[in-house]
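The values are calculated or read from the model by the stated rules, or taken from the named source; none is laboratory data. Computed from a predicted model, the values in this text were never measured in an experiment. So basically every Cβ, Gly included, is an ideal-geometry build from the backbone, and we count neighbours across all protein chains shown. Side chains are part of the model used for accessible areas, which takes the heavy atoms of the whole protein and leaves out ligands, DNA and RNA. Shrake-Rupley method; radii C 1.70, N 1.55, O 1.52, S 1.80 Å.
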Amino acid sequence: MAGAPARSATSQSGKMKKDESFLGKLGGTLVRKKKSKEVSDLHEEGKNAINTPMLPSGTEIHPEDTMLEENAERNMLDPTSRENPKFKDLQRVLIDWINNELEEDRIIVKGLEEDCYDGQVLQKLFEKLSGRKLNVAEVTQSEIGQKQKLQTVLEAVNELLRPHGWSIEWSVDSIHAKNLVAIVYLLVALAMHYLAPIRLPEHVSVQVVVVKKREGILQTSHVTKELTSTTEYFLKMIISCFSERDAFDTLLDHAPDKLNVVKKVKYLKRFELAEGIFADGVYLVLLMGLLENYFVPLYNFFLTPENFEQKVHNVAFAFELMQDGGLKKPKARPEDVVNLNLKSTLRVLYNLFTNYKNSE
């Protein structure tokens, strides 16, 4: 009887050793799995570090970027550029312009990426600016239908802009992928080509991260994209567009007074926009400096006029510069130009281009 407890104690001791042995094995297995996972994570981290060198902090790599085919590339806007105040201001100006142009269509654009990628807004904007109806479906929800619409719209845009020296910085895929830089490039080109009555911020540039795949490895680099240039470049665009024969020769033949005849020219849409461009006198002053090849001191006029009187001062000052340059005194009154009187604005432009049309 006395030996029973001893056997029981021996049995319990053996059981404890067995349990310890089992837990030891289990613990060893868990440790090995943990170490294996750590090695795997470290390997993946190293692989990512190799595959994405020079990747700027905050740049988001999308899954499709890692699925690039060999030698393919994808562009992404650098996060710091997205927050650039001048870039934001440019977007705001473009959005306000689009909403103003498409007000009759009751289209309201809130963001360029989300509202322009499917081609609907771009179609309506191009039709409004060009006076040309495109053969596309009005509304389409499918990706294929949206890309087909974009294809038609961009073909028409490229056909219009390419002969004027524009670099095509957009494509169906980039627009549909909501590439903000490509969308802004396109809208800026349209705004400048059609002389939109807006003032684009000067010297707006952004940093773009270019992701390329070479020998199975993702490589990244930074590229600076200039979205807008200078006022001087814009004024040269104005001068060049008025040299189009189908419009300005008609103006020269019929003179501004015969406005009903001139309005029949489809290209006159640019002249109708001109009243808004020159209404505050700033571009008239800068244009005279460009044509006469001198710098106009900023203290002589209001670069950002805030009221009617300041705008009248600018236009009157531009008229003085015209007379100093040997031009006849404009028949139009400064107040009429400021009040967006098209006939008065055309009188001023007619006066300018009869004098400078043969200048280089």
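Provide a single number: the residues in segment 110-119 that are farther than 18 Å from residue 171 by Cβ and either at pLDDT 95 or above or not acidic (Asp, Glu) (or both). Please lay out each step first, then the result.
We begin by selecting, within segment 110-119, every residue farther than 18 Å from residue 171 by Cβ; these are 110-111, 114-115.
Going one step further and asking which of them are either at pLDDT 95 or above or not acidic (Asp, Glu) (or both), we end up with 110-111.
Summing the residues that are farther than 18 Å from residue 171 by Cβ and either at pLDDT 95 or above or not acidic (Asp, Glu) (or both) in segment 110-119 gives 2.
Does any residue of segment 136-152 turn out to be assigned to a loop (DSSP other than H, G, I, E, B) and in contact (Cβ under 8 Å) with a residue 60 or more places away in the chain? Walk me through it before giving the result.
First, the residues of segment 136-152 that are assigned to a loop (DSSP other than H, G, I, E, B): 136-142.
If we keep only those that are in contact (Cβ under 8 Å) with a residue 60 or more places away in the chain as well, we get none.
Checking segment 136-152: not a single residue is assigned to a loop (DSSP other than H, G, I, E, B) and in contact (Cβ under 8 Å) with a residue 60 or more places away in the chain.
Please verify whether residue 141 is modelled with pLDDT of 90 or more and either in contact with a Pro (Cβ under 8 Å, 6 or more places away or on another chain) or not small (Gly, Ala, Ser) (or both), treating the condition exactly as stated.
On the way: modelled with pLDDT of 90 or more: no; either in contact with a Pro (Cβ under 8 Å, 6 or more places away or on another chain) or not small (Gly, Ala, Ser) (or both): yes.
Criteria not met by residue 141.
Determine which member of the set 243, 221, 229 is modelled with pLDDT of 75 or more and assigned to a loop (DSSP other than H, G, I, E, B).
Values: 243 fails: modelled with pLDDT of 75 or more; 221 fails: assigned to a loop (DSSP other than H, G, I, E, B).
Step by step, each of 243, 221, 229 is checked, and only 229 is modelled with pLDDT of 75 or more and assigned to a loop (DSSP other than H, G, I, E, B).
Among residues belonging to segment 119-134 that are over 17 Å from residue 178 (Cα atoms) and of a type in the set (Gly, Ala, Ser), point out the one that is most open to solvent (accessible area, probe 1.4 Å).
That would be 131.
Considering only residues that are assigned to a helix (DSSP H, G or I), closer than 20 Å to residue 120 by Cβ and either out of contact with any strand residue (DSSP E or B) (no Cβ under 8 Å at 6 or more places or on another chain) or not aliphatic (A, V, I, L, M) (or both), which ones fall in segment 160-181? Working first, answer last.
Filtering segment 160-181 down to residues assigned to a helix (DSSP H, G or I) leaves 160-164, 172-176, 180-181.
From what's left, closer than 20 Å to residue 120 by Cβ: 160, 172-176, 180.
Residues satisfying the conditions are 160, 172, 173, 174, 175, 176.
For residue 123, are the conditions met, namely being of a type in the set (S, T, N, Q), closer than 18 Å to residue 189 by Cβ and touching a residue at least 12 places away in the same chain (Cβ under 8 Å)? Write out each step before concluding.
Working: of a type in the set (S, T, N, Q): yes; closer than 18 Å to residue 189 by Cβ: yes; touching a residue at least 12 places away in the same chain (Cβ under 8 Å): yes.
Against the criterion (of a type in the set (S, T, N, Q), closer than 18 Å to residue 189 by Cβ and touching a residue at least 12 places away in the same chain (Cβ under 8 Å)), residue 123 qualifies.
Any chance you could count how many residues in segment 135-155 are closer than 19 Å to residue 189 by Cα and either open to solvent by less than 80 Å² (accessible area, probe 1.4 Å) or not assigned by the TED database to the domain that holds residue 189 (or both)?
Let us first name the residues in segment 135-155 that are closer than 19 Å to residue 189 by Cα, namely 150-155.
Within this subset, residues satisfying the condition of being either open to solvent by less than 80 Å² (accessible area, probe 1.4 Å) or not assigned by the TED database to the domain that holds residue 189 (or both) are 150, 152-154.
Residues meeting the conditions: 4.
Residue-wise test of (1) within 25 Å of residue 141 (Cα to Cα); (2) more than 13 Å from the chain's Cα centre (by Cα); (3) open to solvent by 80 Å² or more (accessible area, probe 1.4 Å).
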{"site": "79", "(1), (2), (3)": "no, yes, no"}
{"site": "101", "(1), (2), (3)": "yes, yes, no"}
{"site": "108", "(1), (2), (3)": "yes, yes, yes"}
{"site": "117", "(1), (2), (3)": "yes, no, no"}
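Which of the following residues is out of contact with any helix residue (DSSP H, G or I) (no Cβ under 6 Å at 6 or more places or on another chain) and either among the basic types (Lys, Arg) or at pLDDT 90 or above (or both): 84, 51, 71, 135? Full working, then the answer.
Values: 51 fails: either among the basic types (Lys, Arg) or at pLDDT 90 or above (or both); 71 fails: either among the basic types (Lys, Arg) or at pLDDT 90 or above (or both); 135 fails: either among the basic types (Lys, Arg) or at pLDDT 90 or above (or both).
Unique residue meeting the criteria: 84.
Going by the conditions given, is residue 317 under 31 Å from the mean Cα position of the chain (by Cα) and either assigned to a helix (DSSP H, G or I) or crowded, with 18+ Cβ neighbours inside 10 Å (or both)? Steps first, answer last, please.
Numbers: under 31 Å from the mean Cα position of the chain (by Cα): no; either assigned to a helix (DSSP H, G or I) or crowded, with 18+ Cβ neighbours inside 10 Å (or both): yes.
Spelling it out, it is not the case that residue 317 is under 31 Å from the mean Cα position of the chain (by Cα) and either assigned to a helix (DSSP H, G or I) or crowded, with 18+ Cβ neighbours inside 10 Å (or both).
Going through segment 283-295 one residue at a time, which ones are touching a Gly at 6+ places or on another chain (Cβ under 9 Å) and open to solvent by 10 Å² or more (accessible area, probe 1.4 Å)?
From segment 283-295, those touching a Gly at 6+ places or on another chain (Cβ under 9 Å) are 288, 291-292, 295; that's our starting set.
Listed by number, the residues that qualify are 291, 292, 295.
Report, by residue number, each residue of segment 185-207 that is outside any helix (DSSP H, G or I) and either open to solvent by 40 Å² or more (accessible area, probe 1.4 Å) or modelled with pLDDT of 90 or more (or both). Don't jump to the end; show me each part of the working.
Step one: filter segment 185-207 for residues outside any helix (DSSP H, G or I), giving 194-207.
Listed by number, the residues that qualify are 197, 199, 202, 203, 204, 205, 206, 207.
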